[in-house]
Amino acid sequence: MLERLRARTRAFANRLRRLERRELDAFLRWIERTGNLLHFSVVVFVPLLIAAVTWLSNATAAVSFLLFPPLASGTYTLFADPEGRYSTPGKFVGGMTVGALCGWLAVASVATAGDGVSATGAALGVFLTGTATWALDLEEPTAFSTALLVLVTGNAQLAYVLGIAVSSSFVAAAFVVWRDRVYEARAQYLYQTTQGDDHVLVPVGGPDAEPVARFAAALAGAHEAGKVVLFDVVSEASERHDGDPVESGDPGQADAAPLERADDAVRTAESLAGDLEAAYDVPCEVVVAAGDRRSSGLVLRTARENNCDLIVAPYAESDRGGLSGFITGLFDSEIDVIAFRSSDGRSRWRRSLVAVRGAGDTARAMVDFALRIADSRRPVGVSTCIDRESHRRSAETTLADLVDAFSGPFETHVVTEPVEDYLSRVASRYDVVFIGSSTDRSTASRFVSPPTFRKLGDLESDVAIVHRGRRR
């Protein structure tokens, strides 16, 4: 009874851990989007900074509560739009401080009648603030707030100006740290492809094995922890279970023909592995198994057993023009997959083009892969196609958010034409074109608009179809 209770407790704990991993993975995927990261930062960091200033205000009478409205507004502007025209620390601090100084100067220049706020002083403060911020090219919105609030500080104008300068400098310093360490480094800390996809499994044995393996080696070689595993299958091995490794010198378990084929496969794969190690400076391993060459299950099992987080497989079509069952079987897993089609057997890919529909998980993965293999001196092209010109501004913002997280040269293109027409027109300028697998689209969406790769059979470049694995 006690043993059964312990078993149930362990099972329940395991389910909780799986649930926690799924929730954490879902949160990481959510926060990978730039808009979500900014909203999360506004919700978390702005209240914390205002709380810190409030504590300072409570600790000393020199800081007035009247600085909170412009400070909160300006802090929100910084974190909500870190690339915006008003999100420069110098403009933030300078604008608020200059506004407070102009308001103080207006109070000192105009005699106050009675207990009310001087209308002349208010007008003069706004005039001086507008003139000064225009001349100095400083932030304007919060400057007007600080200029007007000086008028109701009584005899504490100097303390208010100093409080504005100190508190805004504190917020600006925190913003700079957040922007440099979190926002601009989000690709390094948040985007999973930049931290993984180091161990790459390549099913070999077909006519396109060498260019596919070279492409995989170029990807893996970009990371210090990169590794390539070349996987081949020998079929018709008698008395063996599907997927069992085939080794020479194992008498009585298989006839001579399968063993000879296994030896040939091992020699061929090891020769290719040696070439890859020399050309791309990446370690390579060879695995040969008995089974069905077109079994996606066997390939996935081998990838898991060898701790591979990316599979690069030769592109294969079905009789109906879509992806073959082997490729779609690989896509139906938690492992990232690239279906690669070589056009002329090239071994270096200096010019890359990434065609995206948005700035989501798959788009970021494609940009990361393109940066890995491209010549660092050549910009990576990132493009999106729109239906009408009115969508251009939104598309440009999307591409800017996408590439801003990565370090490297980029050129972005927003085009008002069907994606297949655009790629057919420009593909010859690039060595490889990255497109998404469309597995993140709904069935209805794929029915109305078939996946792009069905229309790209005649592209004059290599094609890499990228699928992001479904994290379980």
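Read-outs throughout are calculated quantities, based only on the coordinates presented, and are distinct from any laboratory measurement. Source: prediction; values computed, not measured. Cβ sites come from the backbone with ideal geometry, for glycine too, and all protein chains shown count toward neighbours.
Residues whose amide H lies under 5 Å from that of Lys227, counting only those 5 or more places away or on a different chain, are His199, Val200; hydrogens are built 1.01 Å from N in the peptide plane. Net charge in the neighbourhood of Pro211 (other residues with Cβ under 13 Å of its Cβ; Lys, Arg +1, Asp, Glu -1) is -2. Neighbours of Gly221, meaning other residues whose beta-carbon lies under 9 angstrom from its beta-carbon, give a summed charge of 0 when Lys and Arg score +1 and Asp and Glu score -1. Taking the Cα centre as origin and putting +1 on Lys and Arg beta-carbons and -1 on Asp and Glu beta-carbons, what dipole magnitude results for the stretch 34-184, to the nearest 20 debye? Computed about the Cα centre, the dipole is about 160 debye.
What ranking do His467, His413 get, fewest neighbouring Cβ atoms within 10 angstrom at the top?
Listing His467, His413 from fewest to most nearby Cβ atoms yields His413, His467.
Assuming R0 = 45 Å, what is the FRET efficiency of Asp208 and Val43, from their Cβ-Cβ distance, to the nearest 0.05?
In this case the efficiency is close to 0.35.
Restricted to Cα atoms, the stretch 34-184 shows a radius of gyration and a Dmax of 15.7, 52 angstrom. Each of Trp178, Trp55 was scored by other Cβ atoms within 10 Å of its Cβ. Listed from fewest to most, they are Trp55, Trp178. Under a Cβ-Cβ cut-off of 13 Å, what is the net charge of the residues other than Arg179 that fall near it, where Lys and Arg count +1 and Asp and Glu count -1? Local charge sum for Arg179: -3. Here the label points at Glu396 and Trp30, each 7 Å from Cα along the C-beta direction, are separated by 3.2 nm in the simple model.
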